[in-house]
Amino acid sequence: MLISIENKFQIMKALKFLLLFGWVFPFVMISCDDEPVDPALLVKDQTDQPTNTGTMTALVDGDLFTASSMSGTYSALPDGAGYLLTITGIKSNGEYISIQMANPLPGTYIGNNNTAPETNITLSYRESLNDDVFTAYDFIQFQPSGILKITAFNLATRKVSGTFNFVGHLPGAAFPVKQVNSGTFTDVSFTLQ
C-alpha cells in the first residue's frame, strides 16, 4: 500500500487540524459557560470616587464640636426601597456625630422619625467609642427630638450640605441627654456603595 506524497500531506493536515481542534475545543466550551458571577467578586465602579471631604460643626452641650475628618456613603437599601445617605463627622478622640437619611432631597425633616426604611432619618452622637449612642428620639415620651435640613444634595458631584439640631437620648432612659445645636455640614462628599 503506497501513499503518495500528496496524500501524506493531506493526512498530515487533517491530523494537525484534529490535534488543534482537540486542544482548542474544550477551552472554547469552558469559556462559553453562562455561570452567574458571585456578587462578592464584583468591583464597584471607582471612577471619579471622591475622597471624603467637607466640614461638620455643632455645639454639644454648649461645647464646640468640629470634625477633624468626614465619612460619607450613599448605598442601596434592601428590597429596592431606594438609597441611604450616611455622613459622619469624627474627632480625633473618637467623638462623632452621624446623620443617616433615606432617599435624601433638599428640605426640612423630623429626625429619628422611626418610620419605614425608605423614609428613615437618624441623628446620633457618641462621645467616645466606649460610650453609649445618644439618638434624636425620646424613648420615654416616644417622640422624635431632632430637625434635619438638607440645603443641597448633588448626586453628580456627590456632595451634601445642611443643618441639624437635636436632643440626644439614651434608649430607655430619661437622663442624661445631650443637646446638639447649631449643627452644620458643608460640602460633605460621599462615595457610592
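The values are calculated or read from the model by the stated rules, or taken from the named source; none is laboratory data. In this text the structure is predicted, and so the values were computed from the model without any measurement. Methodologically, a virtual Cβ is constructed for each residue, glycine included, from the backbone with ideal geometry; neighbour enumeration extends over all protein chains shown. To get the accessible areas, we keep the full protein, side chains included, count just its heavy atoms, and leave off ligands, DNA and RNA. Shrake-Rupley method; radii C 1.70, N 1.55, O 1.52, S 1.80 Å.
General observations
- Here the spin labels are modelled as points 7 Å beyond Cα on the Cα-Cβ line, and at residue 184 and residue 140 they lie 3.3 nm apart.
- Across the stretch 61-193, the relative contact order, built from alpha-carbon pairs under 8 Å that are at least six residues apart, equals 22 percent.
- In this structure, residue 170 and residue 191 have a Cβ-Cβ separation that, at R0 = 41 Å, corresponds to a calculated FRET efficiency of about 0.85.
- Between residue 57 and residue 108, the modelled label-to-label distance comes to 2.2 nm, taking each label 7 Å out from Cα in the direction of the beta carbon.
- Per atom type, the stretch 58-178 shows carbon and sulfur on 56% of its accessible surface, probed at 1.4 Å.
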